[in-house]
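One structure below.
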Amino acid sequence: MPFCPKCGKEVGIDTTFCPSCGFNLKSPSAQTSPMAPVAPPPTASKPKSNLMRNLGILVVVVVLVIIVLAALASMGGGAGGSGGILPSQHTTNIVNGLITVSAGSYNYYPVDISAGVTGVSLQGSFTATGGSGNDIDVLIMDSTAFTNWQNGHQVSVYYDSGQETTGTVSANLPSGSGTYYLVYSNTFSTFSAKNVQTTVNLAYTS
């Protein structure tokens, strides 16, 4: 296929004038000095940028880290059953300060335990004054035992200090919901009221 000697564009064999530049292809100069086709300069391929490559690697790493963290959080939630939240210790005060227990009577403090808690215990201390013995009887029992005890029956309790002037309160209670009673009994005293300095706290895990 011939080419225009002036502009180098491809032309037909029987073409008289170049369709690109209008050069007369039949002129003597066109016949004596044919022009070789001008090849377009090669396009240089740009090397891949190191910055872009490093950025792509960083994005991949970040995505993988997010996926791993999400998987760990999901595993923690399934294993713990509480969305991955770890159990925590709680303390609630039941009684604190000086109380007076009348002769032949008792003071009581209900302790309500919610469902789902564990490691339940009552811990504290007491010191009694009054009467010839300076003593008090501290008991911890469940609601059924408390009702029977109020009616003078023998019951099983979680803690019974006996008639003591001072002592340490310590009782582990069952896990799960229920109501228990902390009792300061002066029923054995006929005439003397008792003053009791005491602190007792409820501890549990949830």
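The values are calculated or read from the model by the stated rules, or taken from the named source; none is laboratory data. None of the values given here were measured: they were computed from a predicted structure. Cβ sites come from the backbone with ideal geometry, for glycine too, and all protein chains shown count toward neighbours.
Annotations
- Subset of region 165-203 (residues that are modelled with pLDDT of 95 or more, touching an Asp or Glu at 6+ places or on another chain (Cβ under 8 Å) and within 20 Å of Gly116 (Cβ to Cβ)): Thr179, Tyr180
- Tallying residues that are of a type outside the set (Asp, Glu) and touching a Leu at 6+ places or on another chain (Cβ under 9 Å) within region 156-205 yields 24.
- Matching residues in region 149-206 - criterion: being of a type in the set (A, V, I, L, M, F, W, C) and touching a residue at least 40 places away in the same chain (Cβ under 8 Å): Val169, Ala171, Leu173, Leu182, Val183, Phe188, Phe191, Ala193, Val196, Val200, Leu202, Ala203
- Within region 169-202, the set of residues being surrounded by fewer than 17 Cβ atoms within 10 Å (Cβ to Cβ) and either under 35 Å from the mean Cα position of the chain (by Cα) or at positive phi (or both) comprises Ser170, Asn172, Pro174, Ser175, Gly176, Ser177, Gly178, Thr179, Thr199, Asn201.
- Subset of region 118-138 [under 23 Å from Ala193 (Cβ atoms) and in contact with a Ser or Thr (Cβ under 6 Å, 6 or more places away or on another chain)]: Gly124, Ser125, Phe126, Thr127, Ala128, Gly130, Gly131, Asn134, Asp135, Asp137, Val138
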